[in-house]
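Novice: The structure that follows is given in the form of structure tokens.
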Amino acid sequence: GVTWYGSEAYCQAIGRRLPTEAEWERAARGVNNFLYPWGNEWLRANARVRVPSEGESDLAGEVGTTPGNISTFGVQDMAGNVSEWVFDFYQADYYLQNPSAVNPQGPASGTTKVVRGGSWNTPPFFARSVHRQAYAPTDSLLFMGFRCADDVEDASAAAGTVDPASLGTGLDTTSTTEEEAPLGAQPTLPPRPTAAAEATSVPDLPPDAGSSG
């Protein structure tokens, strides 16, 4: 239930920042470009999502309550539970403009921000690590949250020996609600550590505050 502005303000207050969209996806998919944080096969027990055929939806849970929901980098709950704000403005074709870019920082401007990961209120389709959604940065919805990221001093060490050109395929390039989006290409970057954070007590900022444009 926190806006993009509130999320960014919280991260800054503890000396962190929101991850970029590319960082978020790298942390979720790992060096093997998995479709889900744990692999390429959908496993119902690994994610809190809404499955209408099962009756009532799951609700958000504490981090780590679904042990299988962990990426190869050790990052938890990147599928379902709560959707997560990232730093970037949303642009449908941004990653198609320069598909070989490493560590892309997102569009310079826009009107909506990117949300990733799906939530307890979305179908399993949205829990794919390649799925993108866009919301106004002033939106405050019960299924939306965030995580904070920190920089590593030696990004080349974090990158390992993976060839960036071989990674990042299969990204949705359009924002959708209940319908499947076409797939495109996604550049990648070295992983950076992330940490989940609650922001229930952080006041939201006005729309012109905390924006980095």
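The values are calculated or read from the model by the stated rules, or taken from the named source; none is laboratory data. Every value quoted in this text rests on a predicted model; they were computed, and no experiment measured them. A quick note on method: Cβ atoms are made from the backbone with ideal geometry, for glycine too, and the neighbour counts reach across all protein chains shown. These accessible areas exclude ligands, DNA and RNA; they are computed on the full protein's heavy atoms, side chains included. Shrake-Rupley method; radii C 1.70, N 1.55, O 1.52, S 1.80 Å.
Novice: May I ask you to rank W4, W120 by accessible area, largest first, using a 1.4 Å probe over the protein chains only?
Specialist: The residues order as W120, W4, largest area first.
Novice: Collect residues whose amide H, placed 1.01 Å from N in the peptide plane, falls under 5 Å from the amide H of Q133; neighbours closer than 5 in sequence don't count.
Specialist: Distant-sequence amide H within range of Q133: V115.
Novice: Spin-label point model (7 Å from Cα, Cβ direction): what's the A13 to T65 distance in nm?
Specialist: Result for the modelled spin labels: 2.4 nm.
Novice: Please list 29-37, 97-105, 11-19 highest first by mean number of surrounding beta-carbon atoms within 10 Å per residue.
Specialist: Most protected by this proxy first, the peptides run 29-37, 11-19, 97-105.
Novice: With labels modelled as points extended 7 Å from the Cα through the Cβ direction, what inter-label distance (nm, one decimal) is found for E54 paired with S140?
Specialist: 3.0
Novice: Let me ask you something else. With the crude spin-label approximation of a point 7 Å out along Cα→Cβ, what separation in nm comes out for S100 versus A45?
Specialist: 4.5
Novice: When a/c is below 1.5 the answer is rounded, else prolate if a/b is larger than b/c, else oblate, so apply that to region 1-121 with a ≥ b ≥ c taken from the square roots of the Cα gyration tensor eigenvalues.
Specialist: It is prolate, given that a/c is not under 1.5 and a/b is the larger ratio.
Novice: From the phi angles alone, apply the Karplus equation (6.51, -1.76, 1.60; θ = phi - 60°) to region 59-75 and give each ³J(HN,Hα) in whole Hz, x where the residue is Gly or Pro.
Specialist: For region 59-75, the Karplus curve yields 10, 4, x, 5, 4, x, 7, 10, x, x, 8, 8, 7, 5, 8, x, 8 Hz.
Novice: Which cross-chain or sequence-distant (5 or more) residues have an amide H under 5 Å from the amide H of F146, H modelled 1.01 Å from N in plane?
Specialist: Sorted by chain and number, the residues that satisfy this are W85, A197.
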